[in-house]
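Everything on this sheet refers to the single structure shown next.
The values are calculated or read from the model by the stated rules, or taken from the named source; none is laboratory data. Just so it is clear, the model here is predicted, and its values are computed rather than measured. As a convention, Cβ positions derive from the backbone with ideal geometry for all residues, glycine included, and neighbour counts pool all protein chains shown.
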């Protein structure tokens, strides 16, 4: 099964004398055949629905959420298990884990239809209720969807941290915020730890389509709990390890030491023909001119039928040279993703400055973001930026802040700021 | 495969290409395929016995044997040698030989650059230089320093950043110190050129510079070199 993943490395291998910081982008693609063997899914699939039914959901939102849940349950294939947790001040397991047979689906749909909104928001308890269900099927492909519309109760801060720690690695979860009363940073933090995506559903009527997309993506996953393994030479240091495409996820802090020189980072489940890019920055001991050293050996590992599989080995090299023409060059792909990370930072800090009332700073940062988005061909982000600023010249990043910005436009820009474009090859 | 591979630094490596301890390249290892997967098929060069390249290359890494035509290889090529500088300055870095000895640590020469704006250098079409700027002094402590203009999108962060002067190229010139302590300047193909003591520098050529030299570039930037040994 070594052909399940393919890797490619982009870097400038030439390092100037005395330096030791190596940057490299690794592109990983899962092959057509990944998961073709059904044995990969011997543990089955378990999909969890975690839905906010606090008082603020009342009205159009709860109606839309109930409809979307009914549709979702209806769509589940019969070999997939599912459960539903509804969230208020405590998480309530509305339907415990069961296989999606027509009978079970009908019972779950009936239960969902009875749901009434009320109470407060305490996300830690919802996650714990979901965790209990996921613990029943440790070998399954474990994925969930969390929907909320409001910010979490202030006193849930510590319990949420503890709950996330328990849930880390136990399941993956995509997070969605409906309306504009939720906090982007809060959901992003949950989704980051649970290796999921974050997005805004501005209007309740868009919920159904979005839920369907999430389920389709979850059902497309064919190999779970894949880790990125990185070997580095003795005495070196990993300065960072980030997923940079399709969106930026900093994995540096998620490192698990598996040997004296080997570390692993979680990447979650993979579907067929999926491509992701990772950016490594490794500091090695500077060598003498002419030395050639392996600065990193990266591969993807996953367990299948209790056998560890390893694929997509990629090598990151360092060759010391005194020829500046070689070492001063920055690889195009590395430069592109350095720019995209900078773009995300500029947007987040720019919106922050705008919220604080520091308009000069906000104009400068968002202007820079427009310039970078334009130059790198990140059209989706540029379009979202145009909802927040009037662009006078995209090339130079000359912008004016808009006086009236819809809250949902600002939140959409914030949540999607980490989405990157891939560099145009060739 | 219990056999260990001997690393040039004396470690026992469990990997055959690069040492599993320190990452040093193992002699006779297959060509460094930085990309893609390992090829399971391994063959040896019929000419010199080195393992055949696994990265799809048709030449033997060691002797240059052509696997496709069977043509005999030549002397191993030095790919890392920089193009020889034309008018060789007194002490340019020697082209690196294959088993390069430990380089002598550079003699402690202190280089200080004073960056000034000199409106008299201005061309008729140049923009007005900023009137309120004061000379900047930059101590060059690295053995190699890039002179240029910062670009965040292109991730260019020069040691000597002349951001105010838009006629300076992002990657304009390089100041480097060779092992014996001499300092050279090389224009790396800048758009508007570099002048040393009022004479144009040929691009991509190392030129020795000394205490008191003046480098002018861009619209109106003048750099005065101060070297103390």
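Structure notes:
- Residue that is nearest to the chain's Cα centre (by Cα) [pool: residues in the stretch A:315-340 that are facing another protein chain (nearest Cβ under 7 Å) and part of a strand (DSSP E or B)]: A:315
- Residue match in the stretch B:204-216 (condition: surrounded by fewer than 17 Cβ atoms within 10 Å (Cβ to Cβ), facing chain A (nearest Cβ under 10 Å) and either at positive phi or touching a residue at least 40 places away in the same chain (Cβ under 8 Å) (or both)): yes
- The listed residues are A:298, A:312, and the only one of them that is buried (at least 20 other Cβ atoms within 10 Å of the Cβ) and at the interface with another protein chain (Cβ under 9 Å from one of its Cβ atoms) turns out to be A:312.
- Residue count for the stretch A:327-356 under the criterion of being crowded, with 22+ Cβ neighbours inside 10 Å, touching a strand residue (DSSP E or B) at 6+ places or on another chain (Cβ under 8 Å) and under 22 Å from residue A:399 (Cβ atoms): the result is 1.
- When residue A:142 is tested against the conditions (1) surrounded by 20 or more Cβ atoms within 10 Å (Cβ to Cβ); (2) in a helix (DSSP H, G or I), the lone failure is (2).
- Meets criteria (within 14 Å of chain B (Cβ to nearest Cβ) and surrounded by 18 or more Cβ atoms within 10 Å (Cβ to Cβ)) for residue A:284: yes
- The requirement of being surrounded by fewer than 21 Cβ atoms within 10 Å (Cβ to Cβ) and closer than 26 Å to residue A:189 by Cα is fulfilled somewhere in the stretch A:73-88, by at least one residue.
- Residue, nearest to the chain's Cα centre (by Cα), within the stretch A:126-142, restricted to residues that are closer than 22 Å to residue A:68 by Cβ and at pLDDT 95 or above: A:127
- Meets criteria (crowded, with 19+ Cβ neighbours inside 10 Å, at pLDDT 90 or above, out of contact with any strand residue (DSSP E or B) (no Cβ under 7 Å at 6 or more places or on another chain) and more than 14 Å from chain B (Cβ to nearest Cβ)) for residue A:184: yes
- Positions within the stretch A:357-378 being in contact with a strand residue (DSSP E or B) (Cβ under 6 Å, 6 or more places away or on another chain) and within 14 Å of chain B (Cβ to nearest Cβ), in sequence order: A:367, A:370
- In summary, residue A:268 fulfils each of the numbered conditions (1) touching a strand residue (DSSP E or B) at 6+ places or on another chain (Cβ under 6 Å); (2) within 11 Å of chain B (Cβ to nearest Cβ); (3) on the phi > 0 side of the Ramachandran plot with the single exception of condition (2).
- Residue A:393 fulfils the conditions (1) within 12 Å of another protein chain (Cβ to nearest Cβ); (2) closer than 30 Å to residue B:189 by Cβ; (3) touching a strand residue (DSSP E or B) at 6+ places or on another chain (Cβ under 9 Å) except for a single criterion, (1).
- Complete set of residues in the stretch B:152-181 that are in contact with a helix residue (DSSP H, G or I) (Cβ under 6 Å, 6 or more places away or on another chain) and on the phi > 0 side of the Ramachandran plot: B:155
- Condition broken by residue A:243, with the remaining ones in (1) in contact (Cβ under 8 Å) with a residue 60 or more places away in the chain; (2) surrounded by 20 or more Cβ atoms within 10 Å (Cβ to Cβ); (3) over 30 Å from residue B:9 (Cβ atoms) satisfied: (1)
- Taken together, the criteria exclude residue B:147 from residues that are in contact with a helix residue (DSSP H, G or I) (Cβ under 6 Å, 6 or more places away or on another chain), in a strand (DSSP E or B) and within 14 Å of chain A (Cβ to nearest Cβ).
- Per-region count, the stretch A:35-59, residues modelled with pLDDT under 90 and more than 21 Å from residue A:77 (Cβ to Cβ): 1
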